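Below is one structure, written out as structure tokens; the observations come after it.
The values are calculated or read from the model by the stated rules, or taken from the named source; none is laboratory data. What you see is a predicted model, and the numbers here were worked out from it, not measured in a lab. Cβ coordinates were reconstructed from backbone atoms using ideal geometry, including for glycine residues, and neighbour counts include every protein chain displayed.
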Amino acid sequence: MKYINEINRRKTFAIISHPDAGKTTLTEKFLLFGGAIQVAGAVKSNKIKKGATSDFMEIERQRGISVATSVMTFEYKDMLINLLDTPGHKDFAEDTYRTLTAVDSVILVVDSVNGVEEQTRRLMEVCRMRDTPVIVFINKMDRDGKFPFDLLDEIEKELNISLHPLTWPINMGKEFKGVYNLYDKSLNLFTPGQKATDENSVPIHDLADKLLDEKVGDRDAAQLREDAELLSGVYGDLDAEDYLKGRVAPVFFGSAVNNFGVKEMLDTFIRIAPTPEDRQTDKGLVKPTDDKFSGFIFKIHANLDPRHRDRIAFLRVCSGRFERNKNYHHVRLDKDVRFSAPYSFMARQKEVIDDAYPGDVVGLFDTGNFKIGDTLTEGADFYFTGMPSFSPEIFKEVVNKDPMKTKQLEKGLRQLTDEGVAQLFTQHNGNRKIIGCVGDLQFEVIQYRLLQEYGASVNFVPLAFYKACWITGEKKKLEDFVRFKQANVMEDKDGNLVYLAQSEWFLNTERQNNPDIEFHFTSEF
Ligand code: G4P
């Protein structure tokens, strides 16, 4: 347990939300508390601007600057916090899913006016798969939103998680007066347009305190007393273990843009959020306290400059100590690799580091050695699991417009799929290539990048598939199935068999007709 002190001061997490709920604003407030002020501006410019000339050109612009905000490391009250950025645009949801494999907890921002939205639902599904601990921030209390009890109800039902409010709002919209902290029994008063400071915090030892009526008025004081009684009856004390196991999510109310309720949440976060956790591998659990280094690649970011095809691979350190210039084992390629200029994202800009500890994210220059999901170790032969591919939602066949550039096209497609931009399916025993994505924007990005970076010109022909399912089963049965369903069976990037279903009905029929074949909705089974 050589590095226990380093491990215990680290918290690695992501903020997730449906676009416009307030993720960027909250991120900026966190960075301000952490003293990393300059990065705050970058977070904003990193956001895909609404109504920009072309969404995908905007994404290209963003790609140039988003390395700096991919990981934001700051110190707060002696803790070292790694905040991993997730793209807000729904077409890049897969990127977000992968980033979620590299964090130990998340903060979910919910807009008090809109409640649970589409992206909230999907992101939480991914968190549920891994039992990731979640803290909920209900934002925009300065607007007339849904009633707090209704919001809790909606979130619990729609996201299938139990909630436990730690603060409670006093009114909302124009009448918003602040929040009552149910945990330390203090009152935090809200003044519109002013930043929350400690002076606004009024300790109230007992809700019967007349000071409460004085501060918020008789009517709101009476309502708060009624609410608080109801809350204590329903929720009692928060069991930290339930939070850490992903069973219960503490809830805070506030207004990110007014920096209200943010500090309370951050203070609770550093108190209860998990430090780097154990990680599953194909050979059992790896503990952060294990002496030997290990980590995995969860994101690959290509440089914008087409003349240099250098990429940056993001490594999450899982155990031991990562050191500069030391040889590590690249498990998939079974070879040694070393890095002379690994960098961290501390203190406003990236800087070369000598070492890193569990929970940290290190940027590694890569000339094409890495794929998403790759494991690095100090000699050991295991790989980290829990990084599945999900079925894409849109499928298109690749049409090569320039046969002279076939080689470049193959290379480009391979590298872009290694980066995780899209999933590539190749016809089993054939040449057809199908690209699967979550959103249409990704196809534009692929078409543009293939041309710009590889000189390969392609068109896409839309295909009417509904889902990709990874299939397994006894060899003979699988061979028979593949023979009968040739047009629908492809191979993924690792050579696994994938069945593309035209509709839910087709999929169900095939499942019924082929009880010996298993259909999986993710690539990990
Ligand atoms: P996102 O990253 O989740 O997409 O959301 P972002 O923080 O960019 O916030 C979306 C919009 O909501 C922004 O307004 C932001 O100012 C606003 N907002 C954030 N927190 C609050 C809050 O507590 N109360 C209110 N009333 N609004 C909030 P915008 O007009 O889209 O952008 P901007 O011009 O203000 O930057």
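Quick rundown of the values:
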read-out	value
Tally, over region 132-143, of residues that are in a loop (DSSP other than H, G, I, E, B), within 10 Å of the ligand (Cβ to nearest atom) and at negative phi	3
Hits in region 444-471 (condition: modelled with pLDDT of 95 or more and β-branched (Val, Ile, Thr))	458, 461, 471
Positions within region 232-277 being charged (D, E, K, R) and more than 16 Å from the ligand (Cβ to nearest atom), in sequence order	237, 239, 241, 242, 245, 247, 267, 271, 277
Subset of region 116-131 (residues that are within 13 Å of the ligand (Cβ to nearest atom) and either touching a helix residue (DSSP H, G or I) at 6+ places or on another chain (Cβ under 8 Å) or at pLDDT below 90 (or both))	119, 120, 123
Helices (runs of 4 or more DSSP H) within region 55-108 that include 1 or more residues within 26 Å of residue 262 (Cβ to Cβ), modelled with pLDDT of 90 or more and out of contact with any His (no Cβ under 6 Å at 6 or more places or on another chain)	93-100
